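A.B. asks: Starting off with a structure, shown below.
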Amino acid sequence: MIRLEGVCKSFDGVEVLRDVSFAVPARGTLGLVGAGGAGKSLILKLLCGLVRPDRGRVWLGETELGPLSERELMGVRGRIGMIFQNYALFDYLTVADNIGFPLARMQRPAAEIAARVQTRLDQVHLPDIGPRYPRELSGGMKKRVCLARATVHDPPIMLCDDPTAGLDPVTTNRIFRLLKDLQAQNDATAIIVSHETAYLRPICDAIALLDRGRLVFAGPTEAALQHPEVRAFMEAGVRPAQAR
Amino acid sequence: MTALGRFGGAVLDICRVVGALTLFCGAVLRALLPPRADRVETWRALHRVGVRSLPIVIVTAFFAGGIAAIQVSTYVTKFRAYEAVGWGFGFVTFRELGPLLVGLMFSGRVGAHNTAELGTMKVTEQIDALRILAIDPVHFLVLPRIVAMLVMMTLLNVIGNVFALGGGMLTAYAMVGVDPFVFWNSFTEYVMLADFINGLVKAAAFGLAIGIVSCSFGLEVRGGAPGVGRAVNSGVVVSAVSIFVLDYLITAILQ
């Protein structure tokens, strides 16, 4: 279970999140939507403990992140797989080393790492690119490698920051299908930040809409589609203020 | 803005840099208790920092030795004190010119590259990716680089001294006609172990300073690619200033 309670965050006096509260049940999938700058990526960083809230509480399962030290947060982060908007692949490592990196840090045997890396590469339909470097890959391939790295250690929580930004519809569809498959395989709880609302609808149990740091709606997908502001955003990418 | 306002702004900027570097040093010191630098990353950094800097250090040291010999030769010719060339050269090069020039070259090449690399990792979220993979960037990225710069700057200074000696000897022979044996005798007779150690202490201090400054500026990058450029620029300037301040202090203390 992932839970935010009354979370507020400001940067340089500018309030970026205002009293945001929502919960995602275990093994659930939440689609987090909203216009650029609404605070979606910040919520993911709060959930990883990369940023601390000014007010409010953040829970991952039974653990509240607020009181934890940086060293204690390291343990919590081991349960998270994150897909970054900008891939965040390590430039100096090969694709295979990138994907195997979390396992290598856990000091797993080399044979096990190699086997699991190859399994993930097969699952993301890139079986032969292990020896290549990230700079040699297209955007869609990098996203799939990022997805493989984020899930190679079977994390129970998956956070996806715009996993299909800038990709063509075919690759977008493939990545959403992969996300859903890997989430089901790991029994993971997932939050997916995306503007691809048409793809989100069938794979998300719940939708949350943010507008300039304020939570407009959070609830089951069917209910979200009945909400005028969410529906306007989902169907036409209209800002909630314009939909009113 | 008034002159006073500009002066105040500059003072605040300096305080900000000194404050950030102090906090960063605190984080590095905390990471040393107990020391947990990543072994693979440390070897990688030692190779990148040391082996790849070798050609430029050799060239710099060779010419630095030559310059020292030319400067000393002016007075040698005037006073016909040929047997003082080796001593003058060794004193100037080992104590001052060698570590200073190698340090500045090192800062420009290794320090700038380090700031750019860490800055790029910061703006492309690779640092965040490390933290999410439960890896402390100070242990994984910073400590190996600082260790590599400290060790390699000291070793490169020793290698640089050898090539500076060769450059000085050749130049003294070619420009003033000082016999290499006379040069060598004067060098071994008057240049003390203390002169050599003085240079090593400076090299180690410069390596440490370049490591801390370049890592700190790299991890503090904000604002995408332009931010990386600004950080590299500031990092090189602050490293150079640190080198001169440390040189002054070490010279005063070890005098």
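A.B. asks: Considering each residue of the stretch A:62-102, count those that are of a type outside the set (A, V, I, L, M) and within 19 Å of A:Asp122 (Cβ to Cβ), and give that number. Walk me through how you get there before you give the answer.
C.D. replies: In the first step, residues of the stretch A:62-102 are kept if they are of a type outside the set (A, V, I, L, M); the result is A:62-64, A:66-67, A:69-72, A:75, A:77-79, A:81, A:84-87, A:90-92, A:94, A:97-98, A:100-102.
Imposing the further condition that a residue be within 19 Å of A:Asp122 (Cβ to Cβ) reduces the set to A:81, A:94, A:97-98, A:100-102.
Qualifying residue count for the region: 7.
A.B. asks: Of everything in the stretch B:190-230, what is in a helix (DSSP H, G or I), in contact (Cβ under 8 Å) with a residue 40 or more places away in the chain, within 20 Å of B:Leu97 (Cα to Cα) and not small (Gly, Ala, Ser)? Give them in sequence order.
C.D. replies: If the condition is that a residue be in a helix (DSSP H, G or I), in contact (Cβ under 8 Å) with a residue 40 or more places away in the chain, within 20 Å of B:Leu97 (Cα to Cα) and not small (Gly, Ala, Ser), then B:Tyr190, B:Asp195, B:Phe196, B:Asn198, B:Leu200, B:Val201, B:Lys202, B:Phe206, B:Leu208, B:Ile210 are the ones that fit.
A.B. asks: Mind checking which residues of the stretch B:16-42 are in contact with a helix residue (DSSP H, G or I) (Cβ under 9 Å, 6 or more places away or on another chain) and basic (Lys, Arg)?
C.D. replies: The first filter runs over the stretch B:16-42 and keeps only residues in contact with a helix residue (DSSP H, G or I) (Cβ under 9 Å, 6 or more places away or on another chain), leaving B:17, B:20-21, B:23-25, B:27-28, B:30-32, B:35-42.
Result: B:Arg30, B:Arg36, B:Arg39.
A.B. asks: Can I ask one more? Return the residues of the stretch A:10-50 that are under 19 Å from A:Ile80 (Cβ atoms) and of a type in the set (Lys, Arg); say none if nothing qualifies.
C.D. replies: Across the stretch A:10-50, the qualifying residues are A:Arg27, A:Lys40, A:Lys45.
A.B. asks: Of all residues in the stretch A:159-178, which are out of contact with any helix residue (DSSP H, G or I) (no Cβ under 7 Å at 6 or more places or on another chain) and crowded, with 20+ Cβ neighbours inside 10 Å?
C.D. replies: The answer is A:Asp162, and nothing else.
A.B. asks: Where in the stretch B:72-138 are there helices (runs of 4 or more DSSP H), lying wholly inside it, with at least 2 residues that are over 20 Å from the mean Cα position of the chain (by Cα), within 14 Å of chain A (Cβ to nearest Cβ) and without any contact (Cβ under 8 Å) to a residue 60 or more places away in the chain?
C.D. replies: Values: elements: B:85-92, B:98-106, B:112-123, B:126-132.
In the stretch B:72-138, the matching helices (runs of 4 or more DSSP H) lie at B:126-132.
A.B. asks: Another one. Return yes or no: is A:Met74 facing chain B (nearest Cβ under 8 Å) and in a strand (DSSP E or B)? Steps first, answer last, please.
C.D. replies: Details: facing chain B (nearest Cβ under 8 Å): yes; in a strand (DSSP E or B): no.
So A:Met74 does not fit the description; no.
A.B. asks: Among B:Arg44, B:Arg48, B:Arg6, which is the only one that is among the basic types (Lys, Arg), surrounded by 12 or more Cβ atoms within 10 Å (Cβ to Cβ), closer than 25 Å to B:Phe217 by Cβ and over 17 Å from the mean Cα position of the chain (by Cα)?
C.D. replies: On the way: B:Arg48 fails: over 17 Å from the mean Cα position of the chain (by Cα); B:Arg6 fails: surrounded by 12 or more Cβ atoms within 10 Å (Cβ to Cβ).
Answer to the check: B:Arg44.
A.B. asks: Among the residues of the stretch A:92-116, which ones are touching a helix residue (DSSP H, G or I) at 6+ places or on another chain (Cβ under 9 Å), more than 12 Å from chain B (Cβ to nearest Cβ), free of Cβ contacts under 8 Å to residues at least 40 places away in the same chain and among the aliphatic types (A, V, I, L, M)?
C.D. replies: The answer is A:Ala96, A:Ala110, A:Ile113, A:Ala114.
A.B. asks: Out of the stretch A:80-91, which residues are more than 7 Å from every other protein chain (Cβ to nearest Cβ), more than 13 Å from the chain's Cα centre (by Cα) and not acidic (Asp, Glu)? Reasoning before the result, please.
C.D. replies: Narrowing the stretch A:80-91 to residues more than 7 Å from every other protein chain (Cβ to nearest Cβ): A:81, A:83, A:85, A:87, A:89, A:91.
Checking which are more than 13 Å from the chain's Cα centre (by Cα) leaves us with A:89, A:91.
Selection gives A:Leu89 alone.
A.B. asks: May I pose another question? Looking at B:Leu141, B:Leu165, B:Leu150, B:Leu156, which one is surrounded by 20 or more Cβ atoms within 10 Å (Cβ to Cβ), in a helix (DSSP H, G or I) and in contact with a Cys (Cβ under 9 Å, 6 or more places away or on another chain)? Explain how you work it out, then say what you get.
C.D. replies: Working: B:Leu165 fails: in contact with a Cys (Cβ under 9 Å, 6 or more places away or on another chain); B:Leu150 fails: in contact with a Cys (Cβ under 9 Å, 6 or more places away or on another chain); B:Leu156 fails: in contact with a Cys (Cβ under 9 Å, 6 or more places away or on another chain).
Going through B:Leu141, B:Leu165, B:Leu150, B:Leu156 in turn, just one is surrounded by 20 or more Cβ atoms within 10 Å (Cβ to Cβ), in a helix (DSSP H, G or I) and in contact with a Cys (Cβ under 9 Å, 6 or more places away or on another chain): B:Leu141.
Per-residue answers, yes or no, for (1) among the basic types (Lys, Arg); (2) more than 22 Å from A:Met158 (Cβ to Cβ); (3) surrounded by fewer than 20 Cβ atoms within 10 Å (Cβ to Cβ):
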{"site": "A:Asp12", "(1), (2), (3)": "no, yes, yes"}
{"site": "A:Asp19", "(1), (2), (3)": "no, yes, yes"}
{"site": "A:Pro25", "(1), (2), (3)": "no, no, yes"}
{"site": "A:Gly28", "(1), (2), (3)": "no, no, yes"}
{"site": "A:Gly34", "(1), (2), (3)": "no, no, no"}
{"site": "A:Ala38", "(1), (2), (3)": "no, no, no"}
{"site": "A:Arg57", "(1), (2), (3)": "yes, no, yes"}
{"site": "A:Leu65", "(1), (2), (3)": "no, no, yes"}
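A.B. asks: Go through (1) farther than 18 Å from A:Thr171 by Cα; (2) among the hydrophobic types (A, V, I, L, M, F, W, C); (3) within 13 Å of chain B (Cβ to nearest Cβ); (4) not in a loop (DSSP other than H, G, I, E, B) one by one and return the number of the condition A:Cys146 breaks.
C.D. replies: Exception for A:Cys146: condition (1).
A.B. asks: Something else about it: Given (1) touching a Phe, Trp or Tyr at 6+ places or on another chain (Cβ under 8 Å); (2) over 16 Å from B:Phe244 (Cα atoms), identify the lone condition not met by B:Phe106.
C.D. replies: Unmet condition: (2).
A.B. asks: Here's a follow-up. Check whether at least one residue in the stretch B:185-206 is crowded, with 17+ Cβ neighbours inside 10 Å and farther than 16 Å from B:Phe94 by Cα, and report yes or no.
C.D. replies: Among the residues of the stretch B:185-206, not one is crowded, with 17+ Cβ neighbours inside 10 Å and farther than 16 Å from B:Phe94 by Cα, which makes the answer no.
No value in this document is a laboratory result; all are computed from the given coordinates. For clarity, every value in this text was computed on a predicted model and none was experimentally measured. Counting neighbours? That spans all protein chains shown, and the Cβs are built from the backbone with ideal geometry, glycine included.
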